[in-house]
Amino acid sequence: MKALVYNGPRDVQVKEMPDAKIEKETDVLVRITTTNICGSDLHMYEGRTDMESGRILGHENLGEVIAVGKAVDRIKVGDIVCLPFNIGCGFCANCERGLSGFCLTVNPGTAGGAYGFAGMGPYSGGQAELLRVPYGDYNCLVLPEDAKEKENDYVMLSDIFPTGYHATELAGVKPGQTVVIYGAGPVGLMAATSAFIKGASQVFVVDSHKDRLQLAEKIGATPIDDTEGDGVERVLELTKGQGADCGCECVGYQCCDRHGKEVPNLTMNNLVQTVKATGTIGTVGVFLPKDPGAQDDLAKEGKLAFDFGQFWFKGQRIGTGQANVKAYNRMLSNLIHVGKAKPSMIVSHELSLEQAPEAYENFDARKKGWTKVILKPGK
Ligand code: NAD
Ligand code: ZN
């Protein structure tokens, strides 16, 4: 099968790899029709992780089931399924509680499993023609009859839509509240969408990319371009000095590289300043245990110059971590099905698998207009 393989930092290649196949009785085999490039792939691509060369990337996957293991009885050949990026077993103490992002079986001792991801188990990614799905009965979301027609919407259920929603859950967004979001990438845009689904009255989105901020505005948010003035001051001005009720971090460690040591206004500290006293911050941006590729010395060690004193003084709270995709994706799927959510509105490019290396290059450079890339293997 053809697949996108990680050779090393900023070096990915489409090549012929051994076909993915059923390895265990609980596996499902999927022919991938849509697979996205994610901001999280850039942690590997930019050399922020210790990803082994030769691994297939891709954790935002959708396709058709073409084979099932002997012990699979819910999923059938021919089902069109979206695959949550988390791989869970369904029966450990965390999966039982809906915390499928922290499965204790698939990657013992660390932080759950995922397809094509450093530090999250040996699982191959879906930027390929075929994907093996472990514990298939648990890890496939069977899509409704409009699956093919709305493929570019449903594929967002694998990660960024539930992740954006998770940011608003962690931040405790309630009807009528104001929300500040750092990052207008796909995750930040989905967090803004989710905040409005939850009934937020006003959503501020801070970034430096005009094209992404325009999408935030289209969603109904108030865009704040922090190249045109201090984003923190602007949010405080717009909230009469009090800050927003809730905040979402949708950037992650890359903010350290953007500001460097001299300007330590990390997004986490921006949130401490722009969320009101007693407000909650939902952090879904990835902060890696170690970030060998970072320019900032603290970030290299996985540490953050976090203003804990101010955070404590304001009585704020933080929720962190990966999205437990399964906990949300059925209800978000229903919103797509009835036309109340259209996450494909952020898609900027629909390309073939062969075009993936140039897509990585442009998405990584945050080249104007490259907001979300969808790859179509086999087309
Ligand atoms: P992205 O890189 O496309 O978007 C990030 C955006 O943040 C960019 O538009 C960038 O300009 C902006 N940014 C950088 N520094 C900033 C700063 N100091 N202030 C404001 N904005 C700043 O990535 P994405 O796909 O949107 O993902 C965002 C983050 O979410 C990444 O860290 C990704 O790994 C993470 N993520 C987490 C989960 C999860 O389950 N928790 C899932 C998916 C992605
Ligand atoms: Zn992703």
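The values are calculated or read from the model by the stated rules, or taken from the named source; none is laboratory data. From a predicted model like this one, the values you see are computed outputs, not experimental measurements. Glycine gets a Cβ as well: all are built from the backbone with ideal geometry, and neighbour counts include every protein chain shown. Only protein heavy atoms, including side chains, enter the accessible area calculation; ligands, DNA and RNA are left aside. Shrake-Rupley method; radii C 1.70, N 1.55, O 1.52, S 1.80 Å.
Scanning segment 201-229 for residues that are in contact with a helix residue (DSSP H, G or I) (Cβ under 8 Å, 6 or more places away or on another chain) and hydrophobic (A, V, I, L, M, F, W, C) yields Val203, Phe204, Val205, Val206, Leu215, Ala216, Ile219, Ala221, Ile224. Considering each residue of segment 302-321 in turn, at least one proves to be closer than 19 Å to Tyr45 by Cα and either open to solvent by 40 Å² or more (accessible area, probe 1.4 Å) or not aromatic (Phe, Trp, Tyr) (or both). Please state which one of Gly293, Gly315, Gly279 is in a strand (DSSP E or B) and either closer than 23 Å to Thr33 by Cβ or of a type outside the set (Val, Ile, Thr) (or both). That would be Gly279, the only listed residue that is in a strand (DSSP E or B) and either closer than 23 Å to Thr33 by Cβ or of a type outside the set (Val, Ile, Thr) (or both). Taken together, Val275, Val251, Val286, Val325 contain a single residue that is open to solvent by 40 Å² or more (accessible area, probe 1.4 Å) and among the β-branched types (Val, Ile, Thr), which is Val286. The set of residues from segment 161-177 being farther than 10 Å from Cys248 by Cα and open to solvent by 30 Å² or more (accessible area, probe 1.4 Å) comprises Lys174, Pro175, Gly176, Gln177. What tally of residues in segment 303-326 results from selecting those that are at pLDDT 95 or above and hydrophobic (A, V, I, L, M, F, W, C)? Selection size over segment 303-326: 6.
Scanning segment 57-90 for residues that are touching a Leu at 6+ places or on another chain (Cβ under 7 Å), more than 15 Å from ligand 2 (Cβ to nearest atom) and either among the polar types (S, T, N, Q) or farther than 12 Å from Cys140 by Cα (or both) turns up Ile66, Ala67. Just so you know, in segment 209-223 the residues that are within 19 Å of the chain's Cα centre (by Cα) and open to solvent by 30 Å² or more (accessible area, probe 1.4 Å) include one that is nearest to Asn324 (Cα to Cα), and it is Ile219.
Evaluation of Gly125 against the conditions (1) in contact (Cβ under 8 Å) with a residue 40 or more places away in the chain; (2) open to solvent by 10 Å² or more (accessible area, probe 1.4 Å) shows that the sole unmet condition is (2).
Within segment 311-332, is even one residue farther than 22 Å from Gly172 by Cα and within 16 Å of ligand 1 (Cβ to nearest atom)? No, there is no match, as no residue in segment 311-332 is farther than 22 Å from Gly172 by Cα and within 16 Å of ligand 1 (Cβ to nearest atom).
Counting only helices (runs of 4 or more DSSP H) wholly contained in segment 167-242, the ones carrying 1 or more residues that are more than 16 Å from ligand 2 (Cβ to nearest atom) and touching a residue at least 60 places away in the same chain (Cβ under 8 Å) occupy 186-197, 210-219.
When the residues of segment 354-370 are filtered to those that are in contact (Cβ under 8 Å) with a residue 60 or more places away in the chain and assigned to a helix (DSSP H, G or I), which remaining residue is surrounded by the most Cβ atoms within 10 Å (Cβ to Cβ)? Ranking the qualifying residues of segment 354-370, first place goes to Ala356.
I'm checking my understanding of the structure. Among residues of segment 178-208 that are of a type in the set (S, T, N, Q) and surrounded by 24 or more Cβ atoms within 10 Å (Cβ to Cβ), which one is farthest from Pro84 (Cα to Cα)? Break it down into steps so the answer makes sense when it comes.
Going residue by residue through segment 178-208, those that are of a type in the set (S, T, N, Q) are 178, 193-194, 201-202, 208.
Restricting the remaining residues to those that are surrounded by 24 or more Cβ atoms within 10 Å (Cβ to Cβ) gives 178, 193-194.
Numbers: Thr178: 29, Thr193: 19, Ser194: 18 Å.
Filtering segment 178-208 for residues that are of a type in the set (S, T, N, Q) and surrounded by 24 or more Cβ atoms within 10 Å (Cβ to Cβ), the one farthest from Pro84 (Cα to Cα) comes out as Thr178.
Taken over segment 152-182, the criterion of being within 12 Å of ligand 1 (Cβ to nearest atom) and either among the charged types (D, E, K, R) or within 12 Å of the chain's Cα centre (by Cα) (or both) is satisfied by Met156, Ser158, Asp159, Ile160, Phe161, Pro162, Thr163, Gly164, Tyr165, His166, Ala167, Glu169. Looking at segment 5-13, is at least one residue open to solvent by less than 10 Å² (accessible area, probe 1.4 Å) and closer than 16 Å to Pro377 by Cα? Checked against the condition, which is being open to solvent by less than 10 Å² (accessible area, probe 1.4 Å) and closer than 16 Å to Pro377 by Cα, segment 5-13 yields at least one hit.
The residue of segment 59-76 that is surrounded by the most Cβ atoms within 10 Å (Cβ to Cβ), among those that are under 15 Å from Ala114 (Cβ atoms) and either free of Cβ contacts under 8 Å to residues at least 60 places away in the same chain or within 13 Å of ligand 1 (Cβ to nearest atom) (or both), is Glu60.
Among the residues of segment 328-353, the one identified as among the basic types (Lys, Arg) and either buried (at least 16 other Cβ atoms within 10 Å of the Cβ) or in a helix (DSSP H, G or I) (or both) is Arg330. Restricting segment 27-43 to residues that are of a type in the set (S, T, N, Q) and open to solvent by 10 Å² or more (accessible area, probe 1.4 Å) leaves a set whose member that is nearest to ligand 1 (Cβ to nearest atom) is Ser40. Remark: pairs (first residue in segment 264-290, among the charged types (D, E, K, R); second residue away from ligand 2 (no atom under 16 Å from the Cβ) and in a strand (DSSP E or B); Cβ separation under 7 Å; 6+ apart in sequence or on different chains) = Lys276/Ala244; Lys276/Asp245.
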